[in-house]
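The values are calculated or read from the model by the stated rules, or taken from the named source; none is laboratory data. Just so it is clear, the model here is predicted, and its values are computed rather than measured. Here Cβ is always computed from backbone atoms with ideal geometry, including for glycine, and neighbour counts include all displayed protein chains. The protein model used for the area step is the full one, side chains on, heavy atoms only, and it has no ligands, DNA or RNA in it. Shrake-Rupley method; radii C 1.70, N 1.55, O 1.52, S 1.80 Å.
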Amino acid sequence: NTTPAGSATPTGSSWYVEGSWLVTGEEYHHNSPICPCQNLDILCWGKGWGALEFAARYEQIQAFKQFVPLQNPFLNPTNSTKVTGIALGAHWYWNPQACLRLDWYYYHTPHPIQGIAQGNGTRPTFIKEQSSINLAAQLEF
C-alpha cells in the first residue's frame, strides 16, 4: 500500500509467495504443529524418523525515502529502496514439539544500501546483496 508524498503515514509496499512440501506425507493444519506420522526414535533407528519439510519463499519490499531516518541502513540515493528476498529451507520435525531447521536467505537490491559507520571517522559500507545460512533447534512448550 502506498500514500502520497508529504503524508504523515509511512509509505511502502510488500508482497510474498511461499510454499512448502511435507516430503514424508504428513498433513499440514493451519496454526497447528506438524505431527510426524512416526516420531523420531533415537533408541531404535529405523523405527521412526520424524517428518521432513522443504520450504521456499520469494518476497519484495519497497520503502520510500521520506520515511527512512538518515542513520537507517535502508537509505539509498534514490527515492525508494526495493529489496528482493529468497529463502529456502529444510525442516526436520522430530515430534510435535521439537524441530531442527536449516534455512538459506538471500537478499538483493538494485541500488547499494548504506550501512552505518562502525567507528569514529570510518566511512559507512554499502551493501547490494547479502546471504546467510541459519541452523536452529526449535522447542515448543
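Some notes on this structure:
- Accessible area (Å², 1.4 Å probe, nearest 10) - R57: 70
- Projected label distance in nm at Y28 and A136, using a 7 Å step from Cα toward the beta-carbon: 1.7
- One decimal place: the segment Q60-I42 gains 2.4 nm when fully extended, by the rule 0.36 nm per residue minus the C-alpha distance.
- Multiplying the residue separation of K128 and Y106 by 0.36 nm and removing their Cα-Cα distance gives an extension gain of 6.8 nm.
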